[in-house]
Amino acid sequence: MHAFLKGGSAALERAKEKSASSSGDKEEPAKKTRQVPWVEKYRPRSVDDVAYQDEVVAVLKKSLQCSDLPNLLFYGPPGTGKTSTILAAARDLFGPEMFRNRVLELNASDERGISVVRDKVKRFSQHTASGTRPDGKPCPPFKIIILDEADSMTSPAQAALRRTMEKETKTTRFCLICNYVSRIIEPIASRCAKFRFKPLSEETLTKRLLGICEKENVSCDDEGIKALLRTSEGDLRKAITYLQSASRLKVEETITEADINEIAGVVPDEVLDDLIMICSSDSYEKLDTGLRGLINDGYSASQVITQLHEKLIEKEDLTDKQKAVIFEKLAVVDKCLIDGADEYLQLMALFTTIMHQICHG
Amino acid sequence: MSLWVDKHRPNSLNKLDFHKEQAAHLKKLVNSGDFPHLIVYGPSGVGKKTRIMCLLRELYGSGVEKLRIEQHNFTTPSKKKMDISTISSNYHIEVNPSDVGNNDRVVIQELIKTVAQTNQLETSSQKSFKVVILTEVDRLSVDAQHALRRTMEKYMATCRLILCCNSTSKVIPAIRSRCLGVRVAAPSIEQIGQILQSVCKKEGLSLPLELATKIAKKSNRNLRRALLMCEACRVQQYPFRPDQEVTEPDWELYLKETANLIVEQQSPKRLLEVRARLYELITHCIPADVIMRGLLQELVKNCDGELKLEVVQSAAYYEHRLQTGQKAIYHLEAFVAKFMAIYKRFFEEGIADLF
């Protein structure tokens, strides 16, 4: 018995030693630096950092000073800083500790049917928020519910929000974020202060991109930056993602225009010029092989259409009427593609129209 | 014994047969220890999946090849039950959300988010992230794609997505802007020829260059198809002869015959016959858009200039309606009827002009 106990204690001691040594081991391997996407890394931390959206920032800053907010509706194309702005504003209002329990963020990855609006949103909005922080300093006496990507909410779910929004103004502010303001039902839109986020200007984009290049030690030539501006169309997130992807692909090499174009899936100019040339030759068979080649090379039809539009609009040997006919067809094809129609057939229809217009129009 | 297609599938980035430069880029990407979300796109049968598996192998080692199939159950908000099967290893999970049709959003919301939210326990010995492969993203509903958006950003630390699709047209821009696009172009005819020859060499067979080129041309730059055809030729006859017939799938021949029937005669009676043949094709699981494309290709051969334009336009028109509509046969038949009308009118006008 005694021996047993002794043995037990010895084992215990050994175990203790072991745990001590293992805990010592644990400290050694330095924590791996988590790779953060640059989009997250360079997300503005405060409202002041938000690029280019001057009016919105001015209004928000005013309301932050008197620590009150109206219900907000942000809309605009992707990558213009809508989500970043409201997150930054909330952080300014509440500080990092209170941020967690004062902000409810719901986006399209959460279930947002009518039942969720009735239960989760309503319950959260009914809680009263105190006007002081745990340390006694004053803070705004309300919570924020961010409904991101609100245009993918069903209209019954939006309708269920109406009364909740009004009734709970004392304790809750809503911020709706969407790409298309037309998909938000009128009664909701009229309860919010609307802000349009515009696509970022080229100067702003360039400034930001160069700033990131400098901080991340990436070299990117002027043509590369220009290609980024062209492909991103005022979408800062897209530009940054492309830049990061390119920098990963080309480790410690200069990023060139061709890299960006390949990542963005841009159809090379020569390919499109060839196709237009074929169109003016009035040969169906040549067009057929040309288009099959294009599709086999994996270029996406929507990209072809976008670039074709830019090309044709500047083409001088077409009359206005011809252009009008072609662009009408272009619009139809675009719609059909979004509906999921076959790429080959749609492009064929578009290019035969162009062929007809060039040769017989 | 497995098919040549599977047997000779390259399993590392170094062994890929074409787009070597791209493979080198991908390798560099993986060797830096981390990569962004990827969207791999290109026509079918060019080795998108092969490339992805090579990438994973490079990343995690041979552990990714120990696959298991799992069944997952979900309940939709409307209390409908459904299951989806996933293929997974310790490091990755592969799902085809479009299997469950309209409810794919739930899969994204439940499954992907659960995977994405789980942290890897031991980050010192393995990568800190898992990989989720989503196939046929172009068939995801718009709702499901929206659901992906924020998930992709929020759980970047624990999870990388690799999306695989035929065309990026149907992927919403918001997703495209979050991914690094990897375009996999179809191999050229010569490349296919070379690959066929090297595969045959590995099998201990000799393939004449003429036959290889012939198969490559018939395959429409689709490598998988080329390999299958090549194997079919082997079964048919060996040793190979340079002038050997390359058998086409019988449904293609059937489709060609159908097209010829349409051109031969334009009458309601013929339309009925054609309908029976179209039904035959559909019941054999030939996708309706493939039928439409095949029909167009054959029919156009019998038309001249002006007429071609009109036929192509109507094919595009009916194919679009086919995608938005419910039953394929209506639209296929409508196209056939339309073609008959156009063709007949053209001929009658031609005859009237003669007199």
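The values are calculated or read from the model by the stated rules, or taken from the named source; none is laboratory data. Computed from a prediction, not measured in an experiment: that's the story for all the values here. Backbone-built Cβ (ideal geometry, glycine too); neighbour counts: all protein chains shown. Just so you know, the surface numbers come from the protein's heavy atoms only, side chains and all, with ligands and any DNA or RNA stripped out. Shrake-Rupley method; radii C 1.70, N 1.55, O 1.52, S 1.80 Å.
Numbers below:
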{"quantity": "Which listed residue, of A:Leu205, A:Leu228, A:Leu210, is touching a strand residue (DSSP E or B) at 6+ places or on another chain (Cβ under 9 Å), open to solvent by less than 40 Å² (accessible area, probe 1.4 Å) and in a helix (DSSP H, G or I)", "calculated": "A:Leu228"}
{"quantity": "B:Val300 being within 8 Å of another protein chain (Cβ to nearest Cβ) and without any contact (Cβ under 8 Å) to a residue 40 or more places away in the chain", "calculated": "yes"}
{"quantity": "Residue match in the range B:103-110 (condition: over 18 Å from B:Tyr155 (Cα atoms), in contact with a Leu (Cβ under 7 Å, 6 or more places away or on another chain) and at pLDDT 75 or above)", "calculated": "yes"}
{"quantity": "Wholly within the range B:176-269, helices (runs of 4 or more DSSP H) carrying at least 1 residues that are under 30 Å from B:Glu280 (Cα atoms)", "calculated": "B:209-218, B:223-236, B:250-264"}
{"quantity": "Residue in the range A:289-299 that is farther than 30 Å from B:Glu298 by Cβ and open to solvent by 20 Å² or more (accessible area, probe 1.4 Å) present", "calculated": "no"}
{"quantity": "When residues of the range A:258-285 are limited to those that are away from chain B (no Cβ under 12 Å) and β-branched (Val, Ile, Thr), the one least open to solvent (accessible area, probe 1.4 Å)", "calculated": "A:Ile276"}
{"quantity": "When residues of the range A:306-324 are limited to those that are more than 16 Å from A:Val267 (Cβ to Cβ) and within 32 Å of the chain's Cα centre (by Cα), the one nearest to the other protein chains (Cβ to nearest Cβ)", "calculated": "A:Ile313"}
{"quantity": "The range A:241-252, residues that are more than 7 Å from chain B (Cβ to nearest Cβ), in contact (Cβ under 8 Å) with a residue 12 or more places away in the chain and open to solvent by 10 Å² or more (accessible area, probe 1.4 Å)", "calculated": "A:Tyr242, A:Ser247"}
{"quantity": "Any hit, the range A:161-181, residues being in the same structural domain as A:Ala108 (by the TED database), surrounded by fewer than 19 Cβ atoms within 10 Å (Cβ to Cβ), under 24 Å from A:Ser84 (Cβ atoms) and not basic (Lys, Arg)", "calculated": "yes"}
{"quantity": "Filter result (more than 9 Å from chain B (Cβ to nearest Cβ), more than 11 Å from A:Ala301 (Cα to Cα) and of a type in the set (Asp, Glu)) within the range A:325-351", "calculated": "A:Glu328"}
{"quantity": "Qualifying residue in the range B:179-191 (condition: more than 12 Å from chain A (Cβ to nearest Cβ) and without any contact (Cβ under 8 Å) to a residue 60 or more places away in the chain)", "calculated": "yes"}
{"quantity": "Flag if A:Ile255 is more than 13 Å from chain B (Cβ to nearest Cβ) and farther than 22 Å from B:Met152 by Cα", "calculated": "no"}
{"quantity": "In the range A:286-305, the residues that are at the interface with chain B (Cβ under 9 Å from one of its Cβ atoms) and either in contact with a strand residue (DSSP E or B) (Cβ under 8 Å, 6 or more places away or on another chain) or not hydrophobic (A, V, I, L, M, F, W, C) (or both)", "calculated": "A:Asp288, A:Arg292, A:Gly293, A:Asn296, A:Asp297, A:Gly298, A:Tyr299, A:Ser300, A:Ser302, A:Gln303"}
{"quantity": "Within the range A:126-159, considering residues that are in a helix (DSSP H, G or I) and under 27 Å from the mean Cα position of the chain (by Cα), the one surrounded by the most Cβ atoms within 10 Å (Cβ to Cβ)", "calculated": "A:Ala150"}
{"quantity": "When residues of the range B:151-166 are limited to those that are over 21 Å from B:Met53 (Cβ atoms) and surrounded by fewer than 21 Cβ atoms within 10 Å (Cβ to Cβ), the one farthest from the other protein chains (Cβ to nearest Cβ)", "calculated": "B:Thr158"}
{"quantity": "Test set (1) under 28 Å from B:Ser219 (Cβ atoms); (2) open to solvent by less than 60 Å² (accessible area, probe 1.4 Å); (3) modelled with pLDDT under 85; (4) part of a helix (DSSP H, G or I) - A:Gly340 fails condition number", "calculated": "(4)"}
{"quantity": "Residues of the range B:233-251 that turn out to be surrounded by 15 or more Cβ atoms within 10 Å (Cβ to Cβ) and more than 12 Å from B:Leu211 (Cα to Cα), as a count", "calculated": "1"}
{"quantity": "B:Thr76 vs. criteria under 13 Å from B:Thr158 (Cβ atoms) and either open to solvent by 20 Å² or more (accessible area, probe 1.4 Å) or modelled with pLDDT of 75 or more (or both)", "calculated": "no"}
{"quantity": "Subset of the range A:310-332 [within 21 Å of B:Gly305 (Cβ to Cβ) and open to solvent by less than 50 Å² (accessible area, probe 1.4 Å)]", "calculated": "A:Leu318, A:Gln322, A:Ile326, A:Lys329"}
